[in-house]
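Following: one structure in structure tokens, then a few remarks.
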Amino acid sequence: MVEDGGEEEAEGESGEMPAAAAVPPLQRCNGFLPGKEAEDGGPTAPAGGGERAAAAAAEAEAMLPASGGRVETRLSRRRLAVLAVFSCYSLVNAFQWIQYSILSNVFAGFYSVSFTQIDWLSMVYMVAYVPLILPATWLLDARGLRLTALLGAGLNGLGAWLKCASLAPDRYPLTLAAQAVCAVAQVFILGLPSRIASVWFGPTEVSTACAVAVLGNQLGTAIGFLLPPVLVPNTPNDIDLMAHNISIMFYGTAMVSTLLFFLTGVVFEEKPKYPPSHSQAVLQTMPPEDYSYKQSIINLFKNIPFVLLLISYGIMTGAFYSVSTLLNQMIVTHYEGEEVNAGRIGLTLVVAGMVGSIICGLWLDYTKTYKQTTLIVYILSFIGLLVFTFTLDLGYLIIVFVTGGVLGFFMTGYLPLGFEFAVEITYPESEGTSSGLLNASAQIFGIVFTLVQGKLTTDYSPRAGNLFLCAWIFVGIILTALIKSDLRRHNVNSGIMNLDVKAVPVDSPVEPESTTLKIQSAL
């Protein structure tokens, strides 16, 4: 693979693969047409390869382009700009999600509402996602990456400007409506990391690219923990000063999000000129009329490993959403007046998670051990939450900083693992569809967990709420252990790059004189 405009091939891989001059129509796979087995009477894998090799060869053969010529893959330099702009506006969206919750006592006093109503400013992100995710993923598949990105960035800016009109104690409904607009923007953002990584990045960097895209959202959460308590100190006796401080935060967010909307329009393209990987080349050769969104959804829910991942991902990410939403309440319960440190603990949690995300992404690109890595991170997240739970009330904030950092490293580091694992076990289904369903599961669990943990925290103690989450994460460990690791995308990339492709005459019940490809795979 080479950069656009470059001349040397990277990592010794060939950027082109010769195909046979004449290839009969091939059966499409999974979301494109039902079934992935070779047609009756079609070519078979070489003898002696075993069932696994035969299945891999048959699937790889079915995925080869149906036209002659050469498949060329290159890496576009624009991919880095696309990733950077997406990460930035995803950052702003995540910042707007958490900016209320980390100042729950401040906004509850400013708008004269209950803590539950402030919690809904966070939960509206989760509520909006569930009914809108299927239309959003359909739009991504039918209208493409650029339009979806522009909608996400545009709605993000619109919601930010509406918040600027809610700077009065009697305008809670308006600030809730503005947050709802930002929540709709999130629907067009959360499903894009794996799509951007797959469409723009090569097979040796795709997991790292996905981790960086998720990193932007995590960084937004981190800044949302750190900056609002600094910009908006609690001044219950001076509401005018409080409104002024809130306005600085709101107007600053609106201006940044508007700039990012225009940058999105300039930088984003539907796809690079050349596919970055053989798996993308295969997908791009499939005619659009062969794709069925409904069939893709059906296939995903028939995929048992994906269903198990769907539930386990929802549990872990929903627990993270709940802990992030209620962190301020948990800290001030045991450390009164420590709103700023509560934000710093949240920052520590997310920054540690950002480091975990990058390390996990690099590790996956190097080892491709998706299930093993996911399971280990899940178990360590469970241990981290237990330690955080039983050290929260010891009276030492430094311990909470350390345990929060350990918890964040594994719990937040899990997020890109789930995305990439899903893409691997569901290929060639749309990355946006699988990611969207994962996020929908996370939002549903997040709503339930936030409501239940919030009730347990208020009525009993933060420990009761955290133990509730621990029980569910333990269930997630069991489900993750049951997932069968079938790395379809990796097998296609590896198989095509290591294939000995030959045109071999075979008997055909339709055209006795025709030829097809016989594939000998090194998988």
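The values are calculated or read from the model by the stated rules, or taken from the named source; none is laboratory data. If you're wondering where the values come from, they're calculated on a predicted model, not measured in any experiment. With ideal geometry, Cβ positions are generated from the backbone for all residues, glycine too; neighbour counts draw on all protein chains shown. All accessible areas refer to the heavy atoms of the entire protein, side chains included, with ligands and DNA or RNA removed. Shrake-Rupley method; radii C 1.70, N 1.55, O 1.52, S 1.80 Å.
Brief remarks on what is shown
- Scan of region 337-362 for residues that are of a type in the set (A, V, I, L, M, F, W, C), touching a residue at least 60 places away in the same chain (Cβ under 8 Å) and either within 18 Å of Pro462 (Cβ to Cβ) or surrounded by fewer than 20 Cβ atoms within 10 Å (Cβ to Cβ) (or both), ordered by number: Val340, Ala342, Ile345, Leu349, Ile358, Leu362
- Output for region 376-388, where each listed residue is open to solvent by 40 Å² or more (accessible area, probe 1.4 Å) and either out of contact with any Cys (no Cβ under 9 Å at 6 or more places or on another chain) or not in a helix (DSSP H, G or I) (or both): Ile376, Ile379, Leu380, Ile383, Val387
- The criterion of being open to solvent by less than 10 Å² (accessible area, probe 1.4 Å), at pLDDT below 85 and not in a helix (DSSP H, G or I) holds for Pro276.
- Restricting attention to region 74-84, the residues that are among the hydrophobic types (A, V, I, L, M, F, W, C) and either crowded, with 20+ Cβ neighbours inside 10 Å or in contact with a Gly (Cβ under 8 Å, 6 or more places away or on another chain) (or both) add up to 3.
- Looking across region 219-229, the residues that are under 19 Å from Thr175 (Cβ atoms) and open to solvent by less than 60 Å² (accessible area, probe 1.4 Å) come down to Gly220, Gly224, Pro228, Pro229.
- Pairing each residue of region 457-478 that is closer than 18 Å to Leu394 by Cβ and aliphatic (A, V, I, L, M) with any residue that is modelled with pLDDT of 90 or more and buried (at least 17 other Cβ atoms within 10 Å of the Cβ), provided the two are 6+ apart or on different chains, yields C-beta distances under 7 Å for Ala464/Leu456; Leu467/Thr389.
- Only a single criterion out of (1) buried (at least 24 other Cβ atoms within 10 Å of the Cβ); (2) at positive phi is not satisfied by Gly436, namely (2).
- Restricting attention to region 456-499 and to residues that are at pLDDT below 85 and of a type in the set (D, E, K, R), the residue that is most open to solvent (accessible area, probe 1.4 Å) turns out to be Lys484.
- Scanning region 114-130 for residues that are more than 18 Å from the chain's Cα centre (by Cα) and more than 19 Å from Pro228 (Cα to Cα), we see that the one that is surrounded by the most Cβ atoms within 10 Å (Cβ to Cβ) is Val124.
- Evaluated against (1) more than 26 Å from Leu132 (Cβ to Cβ); (2) surrounded by fewer than 21 Cβ atoms within 10 Å (Cβ to Cβ), Glu269 falls short on exactly one condition, (1).
- The listed residue being in contact with a Leu (Cβ under 9 Å, 6 or more places away or on another chain), farther than 22 Å from His334 by Cβ and open to solvent by 20 Å² or more (accessible area, probe 1.4 Å), out of Phe409, Phe421, Phe445: Phe409
- Scanning region 132-169 for residues that are open to solvent by 60 Å² or more (accessible area, probe 1.4 Å), modelled with pLDDT under 90 and more than 18 Å from the chain's Cα centre (by Cα) yields a total of 2.
- When region 230-244 is limited to residues that are assigned to a helix (DSSP H, G or I) and under 19 Å from Pro169 (Cα atoms), the one that is least open to solvent (accessible area, probe 1.4 Å) turns out to be Met242.
- Within region 113-145, the set of residues being closer than 28 Å to Leu241 by Cα and in contact with an Asp or Glu (Cβ under 8 Å, 6 or more places away or on another chain) is empty.
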